[in-house]
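See structure below.
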Amino acid sequence: MHTNQAGLLSINIDYIHINVLLGYLQQTLIDILCNADNINEINKHGILIAINKLFWIQNEFFTMHYFIPLKDDTVIIQTPPLTKKSKCCWM
């Protein structure tokens with residue numbers, strides 16, 4: 001995490017805010033690319049694919065950082081089986 005001054009505690013940003021920022025940046029770059037008249041369609045297509053790959057990879061890095069996978073030694077609580085038989089309401 002980053003801070004704006006040395007010696008301060010880290011700034012924690014929720015994943016949802018980072019994800020929204022990445023989505024906004026991606027849409028802005030795509031809009032700029034689509035409105036650029038000096039780039040031909042073949043190059044626009046290649047740039048669009050590169051932008052999408054960049055944001056997919058970046059989103060994957062943030063997901064790996066923010067979400068901790070479950071460990072193998074986690075306790076699983078099983079519910080006991082039902083012993084009481086349910087009947088229909090009209091019987």
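Okay, here's what the table says:
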quantity: Cα-based shape type of the range 15-66, given that a ≥ b ≥ c are square roots of the gyration tensor eigenvalues and the cut on a/c is 1.5; calculated: oblate
quantity: Listed peptides 32-40, 51-59 by packing density, highest first (mean Cβ within 10 Å); calculated: 51-59, 32-40
quantity: Length gained when the stretch residue 39-residue 8 is fully extended (0.36 nm per residue, less Cα-Cα span); calculated: 6.6 nm
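Read-outs throughout are calculated quantities, based only on the coordinates presented, and are distinct from any laboratory measurement. Not measured: the values here are computed from a predicted model. Ideal geometry is used to build each Cβ from the backbone, glycine not excepted, and the neighbour counts take in all protein chains shown.
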